Amino acid sequence: MKQAVQPLKMILAVTLAAVCAFPASAAPLPATPGAKAPVRPAKHRRAPCEKGVDPAAGDIADFDDPIVRAAAIEALGRYNGSVVAVDPNSGRILTVVNQKLAYSDGAIPCSTIKPTIAVAALEENVITRDTMLKVGRRKYMNLTEAMAHSNNQFFEALGTRMGFDTVSKYARLLGIGELAGYGLENEHPGAFPSAPPAHGGIARMSSFGEGIQVTPFQLASLAAAFANGGTLYYLQYPKPGAEVSAFEPRIKRELNIASLLPELREGMLAAVLYGTGKRSYDSGGEELPLGKTGTCSDQTSHVGWFLTYADELHPRIALAVLIRGSSSRIKGPLAAGVAGHIYRRLREQNYFAGLQPASAIRSGN
């Protein structure tokens, strides 16, 4: 994996676009003990916002990590969005911002379904990392490029080759269509169809998630499993104080996908370095994130998703970002910008330096 990553890192200077800034909250972030003074971020062009939205209104934050929560609130600004952050090595929930949206029925996953389709296709030997598929009249792509640029034709071809039953098996195995949490009151399981959707069939289901409803909890859980080597933890909200120190992870199931993850991670890394998720990259940090965007719309709004974790070798945090709104600018890259803002603020607070590395990082890194 390290050898595959190096060429991607080398082209950062010529491929990274300017990172979009988000409105800052008035309240300062809580300080980490022993942290360095925050660095004032450079001025950037502000992104357009949905009017008058306070995404944290009504939240009960007693159980949240205050530093992660403050960073997420600041990053969302006035967008109608939600952030779920978890510890990928235990399933502990670090924050849930906009709990009303996070605990809702969910939304169409858009292109965040593509990592699941990639895992299925790799496990079923439909493709390898080097397989080239035709995606245009004179254009071919491998998995890395298709993930980086979120190419629909590539994943439609994979879904068509595997069929509905195989795609369904792996989607459910990875936690789609079931509760992600343990003891999370009011959590919804989303929805997974019992037959191919009428609109676009298995092809569109494999590229846009047509017919599927996912929640930020489910995508945060999935991001954590990709980060830690294939353990799907139950997400848990520990109480403050002693209960946090005595937190005990609960494993839902071992996915046995460690051997497939280098290929998947290469594509998610490419998305951050030069693809649709490049707004999540923090040029000032050492924590290299990986991620996958999702952009589409449903009957009520435009939808933007970003599934991500950091960092590549020693994952400390996994995020799911969801933004909904009437503006056509609500897209996956915008959600990636929210994640990037969170990563930068956590780095400025010296948050990652204050965390102990996982005692054992599973194989597949």
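Points to keep in mind about this one:
- Cβ-based net charge around Phe306, under 12 Å, with every Lys or Arg adding one and every Asp or Glu removing one: +4
- Out-of-range pairs (alpha-carbon distance over 27 Å; input Lys114/Lys278; Lys100/Lys169; Lys139/Lys278; Lys252/Lys331; Lys139/Lys169; Lys139/Lys292): Lys100/Lys169; Lys252/Lys331; Lys139/Lys169
- Per-peptide packing, taken as the mean over residues of other Cβ atoms within 10 Å, places 305-311, 141-147 in the sequence 305-311, 141-147 from highest down.
- Cα-based Rg and Dmax for the range 125-248, where Dmax is the largest Cα-Cα distance (Å): 17.5, 61
- A 1.4 Å probe run over the range 224-334, with the rest of the protein chains in place, finds 34 Å² accessible per residue.
- Inter-label distance for Ala353 and Arg78, nm, one decimal - labels placed 7 Å from Cα along Cα-to-Cβ: 3.5 nm
- When peptides 256-269, 172-185 are ranked by their average number of other Cβ atoms within 10 Å per residue, the highest-first order is 256-269, 172-185.
- Segments 186-195, 80-89 sorted - mean Cβ within 10 Å per residue, highest first: 80-89, 186-195
- Apportionment of accessible area to carbon and sulfur, the range 199-267, percent (1.4 Å): 50 percent
- Local electrostatic count, Lys100, Cβ distance below 13 Å [Lys/Arg +1, Asp/Glu -1]: -3
- Inter-probe distance in nm under a simple model that places probes 7 Å from Cα toward Cβ, at Lys139 and Glu248: 5.3 nm
- Within the range 51-158, trypsin sites (Lys or Arg not before Pro) in DSSP loop having at most 10 other beta-carbon neighbours inside 10 Å: Lys51, Arg137, Arg138
- Neighbourhood charge, 11 Å Cβ-Cβ cut-off, centred on Gly91 and excluding it, Lys, Arg +1 and Asp, Glu -1: +1
- The value given for the range 192-243 is a Kirkwood hydrodynamic radius of 13.4 Å, derived from the mean inverse Cα-Cα separation.
The values are calculated or read from the model by the stated rules, or taken from the named source; none is laboratory data. All figures in this text were calculated on a predicted structure; none of them were measured in a lab. Reconstructed Cβ throughout: ideal geometry from the backbone, glycine too, with neighbour counts over all protein chains shown. When the accessible area is computed, the model is the full protein with side chains, heavy atoms only, and any ligands, DNA or RNA have been set aside. Shrake-Rupley method; radii C 1.70, N 1.55, O 1.52, S 1.80 Å.
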